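The values are calculated or read from the model by the stated rules, or taken from the named source; none is laboratory data. These numbers come from a predicted model, not from an experiment. Heads up, the Cβs are rebuilt from the backbone with ideal geometry, glycines too, and the neighbour counts pull from every protein chain shown. The accessibility values were calculated without ligands, DNA or RNA, using every heavy atom of the protein model including side chains. Shrake-Rupley method; radii C 1.70, N 1.55, O 1.52, S 1.80 Å.
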Amino acid sequence: MPTPPAYALVATDLDGTLLRPDDTVSARSRAALGRAAAAGARHLIVTGRPVPGIRALLADLAYTGLVVCGQGTQLYDADAGRLLRSVTLDREAADTALGKIEAEVGAVFAAVDQDGAAGVTLIEAGYRMPNPTLPAQRVGSREELWERPVIKVLVRHPELGDDALAAAARGAVGDLATVTMAGPGTVELAPRGVDKGTGLAAAAELLGIGAERTVAFGDMPNDLPMFAGSGLRVAMGNAHPELRAAADEVTLTNAEDGVAVVLERLFGTGGAQSPTPDPGLV
């Protein structure tokens, strides 16, 4: 009987991690994920993107597993094409939270990801999408953001950097929401107690895989809860300092196929030579 792999679940963030800077998954990464699957490991995408923002990518990858979306607010079955779970953010609490943030740092620009597998990303005047490839609809007033249930709020400040805005938001919001920094220009408010860690735990439970057999890849502070629930924590070479400090190892950047480098070590290279990360990074 074949020996099962040491890691049975490969949990990958998308932006800044599995995806290259041009929003594609390289042939090398695809091959490495294929070898992990051939060894018996499952691939689990864990992303801040809502379901509508990843459907095209899932189709391109021929991905049929579970997906944790929306910073852990959504658990999606890609094979069945349906949401298994969705947690919404109280809209009154979200509006109050934005008011508290603005009382601390001045006016901010906001966007929301609506609930549901067909939810829309709405952006108010002044908000600029950090990833221009993701679809969004502009609204005329903040009140229009709350017309339908939402899973999370995205916040931008015209002057403050991401770390400063995230710190100010945490101090202002309190227990109204979970505040996280998900990438350049991406500070987000999610339902209190919901994050990538809770999403990963829900998916792993359905798959019957323990935390100690999970290897997780990420690049931003929103991946810290996912790291906390994983046996091997790998930060990308382009990762935020907070994530690098929490990682067991640091691989190459997403532009250099850092995910593939580690998977080739764990599951084999199929005979191909695999460059290793800079020793100073590990």
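Find the helices (runs of 4 or more DSSP H) located wholly in segment 1-112 whose residues include 1 or more that are within 15 Å of the chain's Cα centre (by Cα) and of a type outside the set (Val, Ile, Thr), and list them.
On the way: elements: 27-38, 55-61, 91-105.
Qualifying helices (runs of 4 or more DSSP H): 55-61.
The residues of segment 237-267 that are in a loop (DSSP other than H, G, I, E, B) and open to solvent by 30 Å² or more (accessible area, probe 1.4 Å), listed by number, are Asn238, Asp248, Thr253.
Just to be sure, is Leu134 under 20 Å from Asn222 (Cβ atoms), open to solvent by 20 Å² or more (accessible area, probe 1.4 Å) and not in a helix (DSSP H, G or I)?
Criteria met by Leu134.
For segment 137-169, the candidate set comprises residues that are of a type outside the set (A, V, I, L, M, F, W, C) and part of a strand (DSSP E or B); within that set, the residue that is surrounded by the most Cβ atoms within 10 Å (Cβ to Cβ) is Lys152.
Residue-by-condition table, conditions (1) of a type outside the set (Asp, Glu); (2) on the phi < 0 side of the Ramachandran plot; (3) without any contact (Cβ under 8 Å) to a residue 60 or more places away in the chain:
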| position | (1), (2), (3) |
| --- | --- |
| Pro149 | yes, yes, no |
| Leu160 | yes, yes, yes |
| Ala168 | yes, yes, no |
| Asp195 | no, yes, no |
| Ala204 | yes, yes, no |
| Ala216 | yes, yes, no |
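Filter segment 203-236 for residues that are β-branched (Val, Ile, Thr) and under 25 Å from Leu83 (Cβ atoms); which is least open to solvent (accessible area, probe 1.4 Å)? My answer is Thr214.
For the structure I just gave you, tell me whether Asp113 is touching a Gly at 6+ places or on another chain (Cβ under 7 Å), acidic (Asp, Glu) and within 24 Å of Asp219 (Cβ to Cβ).
Values: touching a Gly at 6+ places or on another chain (Cβ under 7 Å): yes; acidic (Asp, Glu): yes; within 24 Å of Asp219 (Cβ to Cβ): yes.
Judged against the criteria, Asp113 is a match.
Among the residues of segment 176-190, the one identified as open to solvent by 10 Å² or more (accessible area, probe 1.4 Å), at pLDDT 95 or above and not in a strand (DSSP E or B) is Leu176.
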